[in-house]
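These notes concern the structure reproduced below.
Any read-out appearing in this document is the output of simple, stated calculations on the displayed coordinates, not a laboratory observation. All values derive from a computational prediction rather than experimental measurement. Reconstructed Cβ throughout: ideal geometry from the backbone, glycine too, with neighbour counts over all protein chains shown.
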Amino acid sequence: MKLKSLHVAVITLVLIFGGIALTTVLDLWKTTNDKVVATYKGGEFEGQSDPADIRGSYTFDDISNAFGIPLEDLGKAFGLQDPSSFAAFQCKGLEGIYVALKEEGKEVGTGSVRYFVALYKGLPLKVEEGTYLPKAAVEILKAKAKLTEEQIKSIEKYSVDLPAVSATAPVSELAGTPTPSPSETPVTDRVIKGNTTFQELMDWGVTKEEIEKIINDKIPKPGIIIKDYSTTKAVEFLTLKEPLQTLVDRKTK
Amino acid sequence: MQQQILIKKPSPVPRTIKKPKPWYRSAVQSFFFVLVALISLNKVLEEAGMAIPFLSQASLHAICPFGGVVSIYKFVTVGTLIQKIHESAFILMLIAFLLAIAFGPVICGWVCPFGTFQEWTGKIGRKIFGKKYNHYVPVKIDVYFRYIRYIILAWVVYVTATTAKLMFQDIDPYFALFQFWSDEVSMTALIILGVTITLSLFVERPYCKYACPYGAVLGIFNLFRIFKVRRTPSSCIDCKACDQVCPMNISVSSGTAVLSHQCISCMKCTSENACPVAETVELSIKGGAKQ
């Protein structure tokens, strides 16, 4: 049996669009999340909604409905000002609002919402490194959730002070201060951020050997962004950032 | 009748013979390129309340079958898909596998808009460099470079499985091309896109050849696909037209069937296209082509 290109074209189109049509009829074709949070498959919490499945596209209203957390608590915890915007606010919006924090290796985003929900409801969750909670969220948790001493210490350690913001204004804009270029960076502002390169560390007085000892590898190129390097090595940015920042601080003193 | 004579007594065929080239592949490629571009745009228009009616408002991740591939581990172990990936990507992955079992990586050669984009860019390179185009990389090195995409595939699958995040997005030039206006696109992805565009001026489909992890997955199907590109040695005049036209630099003339993991099933080498002898290079099941 032989096929010509016309046959391949027709079969390809029929299979792709036929497959889509068939799965649409069977209600399997979904291009968006149906906002049904997955549940724990076993153990003590079997059948309960799992905060790990909260997606960036979930609104605070979806989360409130799935986990029974008051909308007001969610909105206030994450620094939203306008109560009328709480319900429709999507978790992924946090990353855009608190983008300045992300550049410092601290993330207040969907992961923070998962963490907040898990603590609020006393549910288990594997928290990713670099996930921070706003101070307002910590206060709400201390007041309304049953936390252990260890958990309180942990959330206080990984909390950040956020200005109250609207759902659209980035913190960087609210600060209103221009970011100096690396060459102009004052000694006191030598903080490793999401866009800091190995070269900048060397410019700040850290030697190549000291950096390579920490990353346990040769620096591929001095100009490479440390965060990109950590991504390619599948290493959390924070695990490199903290010891490197200690080195920078030591050199600055 | 004339064709039969050619087959029975293979003799050099004048290379100047012109035959109409099928346009179906170009049409399918253009269709999918425009469709994906419009869907990407529609997502933005929808957020601005100006969505194009009757057109999907899906995200790019929702219509990329590779999202299904990188989600397999989480789907099997936890029962859910990774972030940003939806059931549609999984369904497209299964359809792509079905097509690959039958015809090999037709998704690469006929559907993938990023492959099409590289081909279009390559046309500029072909005009500039003529016959030298697509022959710059020494064969001895090239043979090994072609396996880099399997290393990338292993890394992407491992990182996605361990983080449950769509890490590939940060290095994906396809995402960068169709979302270049979005702040979701990383600088690394934009740089890789720029490098790919530049390399496309010298090498045909450089990303597909050396870096595409999805092409690596589909390329494996070339080993056991049902319909293979087969060559009939008895009627072959050894003109090497099939080798010269192959975008992936496969030596079609050196065997009776193309088994290379690099074949994208574009059918440019077949008697419908480049091969000047009728019924000599064809897409067929075993025994379909003359031995």
Looking only at other chains, what is the average number of their beta-carbon atoms within 10 angstrom of each beta-carbon in B:87-100?
4
When the helix-only estimate is applied to chain B (DSSP H runs of n ≥ 4, each -39,500 (n - 2.57), divided by the residue count), what is the mean residue ellipticity at 222 nm, nearest 500 deg cm²/dmol?
-14500 deg cm²/dmol
Would you mind working out the magnitude of the charge dipole of the stretch A:51-174 relative to its Cα centre, with +1 at each Lys and Arg C-beta and -1 at each Asp and Glu C-beta, to the nearest 20 Debye?
320 debye
³J(HN,Hα), Karplus 6.51/-1.76/1.60, whole Hz, each residue of the stretch A:3-20, x for Gly, Pro
10, 9, 5, 4, 5, 5, 4, 5, 4, 4, 5, 5, 5, 5, 6, x, x, 5
What percent does the relative contact order of the stretch B:27-99 come to when contacts are Cα pairs within less than 8 Å and at least six residues apart?
25 percent
Name the shape class, rounded, prolate or oblate, that the alpha-carbon gyration tensor gives for chain B, where a ≥ b ≥ c are the square roots of its eigenvalues, rounded holds for a/c under 1.5, and otherwise prolate holds if a/b is larger than b/c and oblate otherwise.
prolate
Going residue by residue through the stretch A:95-106, the Karplus relation 6.51 cos²θ - 1.76 cosθ + 1.60 with θ = phi - 60° gives ³J(HN,Hα) values, rounded to whole Hz and with x marking Gly or Pro, of 4, x, 5, 9, 4, 5, 5, 4, 5, 8, x, 9
Set A:41/A:126; A:30/A:126; A:106/A:251; B:123/B:209 screened for pairs whose C-alpha atoms are more than 20 Å apart:
A:30/A:126; A:106/A:251
Across chain B: Cys residues that no other cysteine approaches within a C-beta distance under 4.7 Å:
B:64, B:108, B:112, B:208, B:212, B:236, B:239, B:246, B:263, B:266, B:275
Which of rounded, prolate, oblate describes the protein assembly as shown, given a ≥ b ≥ c as roots of the alpha-carbon gyration tensor eigenvalues and a/c under 1.5 marking rounded, otherwise prolate only if a/b is larger than b/c?
prolate
If you plug each phi of the stretch B:253-258 into the Karplus form 6.51 cos²θ - 1.76 cosθ + 1.60 with θ = phi - 60°, what whole-Hz ³J(HN,Hα) values come out, in order, with x for Gly and Pro?
6, 8, x, 9, 8, 7
In peptide A:22-28, what is the residue-averaged number of other protein chain Cβ atoms found within 10 Å of each Cβ?
2
If you count, for every residue in B:21-30, the Cβ atoms of partner chains within 10 Å of its Cβ, what is the mean?
3
